[in-house]
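Student: Here it is, the structure, as structure tokens.
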Amino acid sequence: GTWSWDLATGRIECDDATARLVGRTAEEFARGGLDVFNASLHPDDRGAVDKALEAALVEGRDFVAEYRVFQPDGRVLNITNRGRVEQDATGRPVRIMGACVDVTDARRMERALSDSEERFREVVETIREVFWISDVEKKKVLYVSPAFEEIWGVSSAEIYASAHVWVDAIHPGDRERVVRAATTTQTAGTYDEVYRVLRPDGSIRWVRDRAYPV
């Protein structure tokens, strides 16, 4: 939606799309001005909006704010609003014109993704097994769980820096077989290998390693 706010008269002119975001009409905005907007604004976001307005009117910046508004039916929408200040010949602000966008679905998806990532980390960072993710070419480790350090005896930072840390730790008697399988069967979803890992202290750990493609 698009809108225009006359700073001298307080009149707000907007299109129907802007008015619908707060469940009002363009005529109500024209009559009520800023009061109509404030009545729909989430109280917890008022400070951020006021700060954005001050930056635009006092410092001459663009008006940029994201806030929540209440719909008449109780729904809450997330709105991103951007505007530019118009000045008169003396440099005094006289009008702000801008556009607003409903970003409710985008924010909902971001929260869902964040919750999903949090649950993922809660699982993989507490299990005793090593959970890992690499690129298809096996050139880079994208993620490895903390259990890697306990089994391999080296820091996760080392394998992030070089994927060869995993290969170099495999017992020479198993290395060729495992590397061949990793580069041929992992993408097919049939990789399932048992091999020995040589730790820096000379001890050996037996590992069963399985992988599937995404």
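Student: ³J(HN,Hα) across segment 95-101 via Karplus (A = 6.51, B = -1.76, C = 1.60, θ = phi - 60°), whole Hz, x for Gly/Pro?
Tutor: 7, 10, 10, x, 9, 10, 9
Student: Further question: Whole-Hz Karplus ³J(HN,Hα) for segment 132-149, in order, using 6.51 cos²θ - 1.76 cosθ + 1.60 and θ = phi - 60°, x for Gly and Pro?
Tutor: Once θ is set to phi - 60°, the couplings for segment 132-149 become 9, 9, 10, 6, 5, 6, 6, 9, 8, 8, 8, 7, 9, 6, x, 4, 4, 5 Hz.
Student: Round to a whole angstrom and tell me the spacing of the C-alpha centers of segment 170-214 and segment 102-132.
Tutor: Using only Cα atoms to place each centre, the spacing works out to 28 Å.
Student: Still on this model: Please list, in order along segment 104-115, the HN-Hα scalar couplings obtained from phi with the Karplus expression 6.51 cos²θ - 1.76 cosθ + 1.60 (θ = phi - 60°), rounded to whole Hz, x for Gly and Pro.
Tutor: Karplus values, whole Hz, x for Gly and Pro: 4, 5, 5, 5, 5, 5, 4, 5, 5, 5, 4, 5.
Student: Sticking with this one: At 0.36 nm per residue, minus the direct Cα-Cα distance, what do residue 138 and residue 34 gain on full extension? Give it in nm, one decimal, please.
Tutor: Details: separation 104, 0.36 × 104 = 37.44 nm, distance 5.79 nm.
Taking 0.36 nm per residue and subtracting the Cα distance, the gain is 31.6 nm.
Student: Further question: In whole percent, and with a 1.4 Å probe on the protein chains, what portion of the accessible area of the chain is carbon and sulfur? Walk me through the numbers on the way to the answer.
Tutor: On the way: 6930 of 13280 Å².
Taking all protein chains in place, the chain shows 52 percent carbon and sulfur surface.
Student: Using only the heavy atoms of the protein chains and a 1.4 Å probe, how would 191, 160 rank by accessible area, largest first? Before the final figure, lay out the partial values.
Tutor: Numbers: 191 5, 160 85 Å².
Solvent-accessible surface, decreasing: 160, 191.
Student: Continuing with the same structure: Per residue, how much accessible area does segment 145-214 show when a 1.4 Å probe rolls over the protein heavy atoms, in square angstrom?
Tutor: Values: 4150 Å² over 70 residues.
I get 59 Å² per residue for this part.
Student: If I stretch the segment between residue 203 and residue 126 completely, what's the gain in nm (0.36 nm per residue apart, minus their alpha carbon distance), one decimal? Let's see the in-between values first.
Tutor: On the way: separation 77, 0.36 × 77 = 27.72 nm, distance 2.40 nm.
Difference between extended and current length: 25.3 nm.
Student: For the chain, give the magnitude of the charge dipole about the Cα centre (Cβ charges: +1 Lys/Arg, -1 Asp/Glu; no others), in debye to the nearest 20. Don't skip to the answer; put the middle values down first.
Tutor: Working: 30 positive and 38 negative charges, 100 e Å.
In debye, rounded to 20, the chain gives about 480.
Student: Here are some values of P(r) over Cα pairs in 10 Å bins from 0, in percent: [x] 7, 26, 20, 13, 12, 11, 7, 3, 0; [y] 8, 32, 34, 17, 7, 2, 0; [z] 7, 24, 18, 8, 12, 16, 11, 4, 0. Which one was computed from this structure?
Tutor: Here P(r) over Cα pairs in 10 Å bins from 0, in percent agrees with entry [z].
Student: Of the options 134, 202, 5, report the single residue whose Cα projects farthest towards the positive end of the charge dipole of the chain (beta-carbon charges: Lys, Arg +1; Asp, Glu -1).
Tutor: Looking along the dipole axis, the top candidate is 202.
The values are calculated or read from the model by the stated rules, or taken from the named source; none is laboratory data. Fair warning: this is a prediction, and the values are worked out from it, not measured in the lab. Heads up, the Cβs are rebuilt from the backbone with ideal geometry, glycines too, and the neighbour counts pull from every protein chain shown. Each accessible area value is taken on the protein alone, full model and side chains, heavy atoms only, with ligands, DNA and RNA left out. Shrake-Rupley method; radii C 1.70, N 1.55, O 1.52, S 1.80 Å.
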